[in-house]
Amino acid sequence: MPSEWYQIPLGKAALTRQGDDVTVIAYGSLMPIADQAATLANARGIGVDLIDLRTLWPLDLDTILSSLQKTGRCVVVHEAPKTAGFGCELLSLIQDKAFFSLKAPIRRVTGFDTAVPLYRMENYFLPNGKRILHAIQQVMAF
């Protein structure tokens, strides 16, 4: 965190890493984990555009679409369960606006479709770098 005063504009995502092969979209506490997965992918020769949404609504769809026009592949990462999580809305918007830019089906890496477990089991529930890397490899192999 910067020690001086700063502002983050609402509705403006941050492109935190640039690559040409796949777009990974995440936000919040999963950004460091998505960044670790991007580092692992980069070590395997896969360039990742990593987008930190920062705000879910308003959503910076322009940054997402610009990245997808470049990469053609997408992985969406979020903590919520897969069913009815924000990733569903994001996937729908991408399909509506960027369908012809896609080279592979969009993959989601999410929590599981169960109740959120107690704290000591949370690491089994939440997405991790290994699961994100696997999704990246799947879209690259399509």
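Residues to consider are ILE132, ILE136; find the one that is crowded, with 16+ Cβ neighbours inside 10 Å, under 21 Å from GLN69 (Cβ atoms) and in contact with a helix residue (DSSP H, G or I) (Cβ under 7 Å, 6 or more places away or on another chain). Spell out how you get there, then give the answer.
Values: ILE132 fails: under 21 Å from GLN69 (Cβ atoms).
From the options ILE132, ILE136, the qualifying one is ILE136.
Please go through region 72-100 and give me each residue that is assigned to a helix (DSSP H, G or I), surrounded by 18 or more Cβ atoms within 10 Å (Cβ to Cβ) and in contact with a helix residue (DSSP H, G or I) (Cβ under 9 Å, 6 or more places away or on another chain), ordered by number.
LEU90, ILE94, ALA98
If you go through region 4-24 one residue at a time, do you hit one that is at pLDDT below 95, among the small types (Gly, Ala, Ser), over 16 Å from LEU61 (Cβ atoms) and surrounded by fewer than 19 Cβ atoms within 10 Å (Cβ to Cβ)?
no
Given ALA34, ALA104, which one is surrounded by 19 or more Cβ atoms within 10 Å (Cβ to Cβ) and not in a strand (DSSP E or B)?
Working: ALA104 fails: surrounded by 19 or more Cβ atoms within 10 Å (Cβ to Cβ).
Answer to the selection: ALA34.
Restricting attention to region 112-137, which residues are out of contact with any Lys or Arg (no Cβ under 6 Å at 6 or more places or on another chain) and modelled with pLDDT of 95 or more? Spell out how you get there, then give the answer.
In the first step, residues of region 112-137 are kept if they are out of contact with any Lys or Arg (no Cβ under 6 Å at 6 or more places or on another chain); the result is 112, 114-134, 136-137.
Answer for region 112-137, where residues must be out of contact with any Lys or Arg (no Cβ under 6 Å at 6 or more places or on another chain) and modelled with pLDDT of 95 or more: PRO127, ASN128, GLY129, LYS130, ARG131, ILE132, LEU133, HIS134, ILE136, GLN137.
Return yes when THR114 is within 14 Å of the chain's Cα centre (by Cα) and either part of a helix (DSSP H, G or I) or among the polar types (S, T, N, Q) (or both) and no when it is not.
Numbers: within 14 Å of the chain's Cα centre (by Cα): no; either part of a helix (DSSP H, G or I) or among the polar types (S, T, N, Q) (or both): yes.
In short, no.
When you check GLN69 against the structure, is it loosely packed, with under 15 Cβ neighbours inside 10 Å, closer than 21 Å to GLN138 by Cα and at pLDDT 95 or above, yes or no? Talk me through it step by step, then tell me what you get.
Working: loosely packed, with under 15 Cβ neighbours inside 10 Å: yes; closer than 21 Å to GLN138 by Cα: yes; at pLDDT 95 or above: yes.
Yes.
From the residues in region 1-39 that are of a type in the set (Ser, Thr, Tyr) and touching a helix residue (DSSP H, G or I) at 6+ places or on another chain (Cβ under 9 Å), which one is nearest to GLU79 (Cα to Cα)? So that I can check it myself, show each step before the final result.
Initial filter on region 1-39 (of a type in the set (Ser, Thr, Tyr)): 3, 6, 16, 23, 27, 29, 39.
Right, trim to touching a helix residue (DSSP H, G or I) at 6+ places or on another chain (Cβ under 9 Å) and you get 16, 23, 27, 39.
Working: THR16: 19, THR23: 18, TYR27: 9, THR39: 20 Å.
Of everything passing the filter in region 1-39, TYR27 is nearest to GLU79 (Cα to Cα).
For region 37-65, name all the residues that are assigned to a helix (DSSP H, G or I) and either touching a Lys or Arg at 6+ places or on another chain (Cβ under 8 Å) or buried (at least 19 other Cβ atoms within 10 Å of the Cβ) (or both). Give the derivation first.
Residues of region 37-65 assigned to a helix (DSSP H, G or I): 37-43, 61-65.
The answer is ALA37, ALA38, ALA41, LEU61, THR63, ILE64, LEU65.
The values are calculated or read from the model by the stated rules, or taken from the named source; none is laboratory data. Note that the coordinates shown come from a computational prediction; the quantities given were computed from them, not determined experimentally. Neighbour counts run over all protein chains shown; Cβ positions are idealised from the backbone, glycine included.
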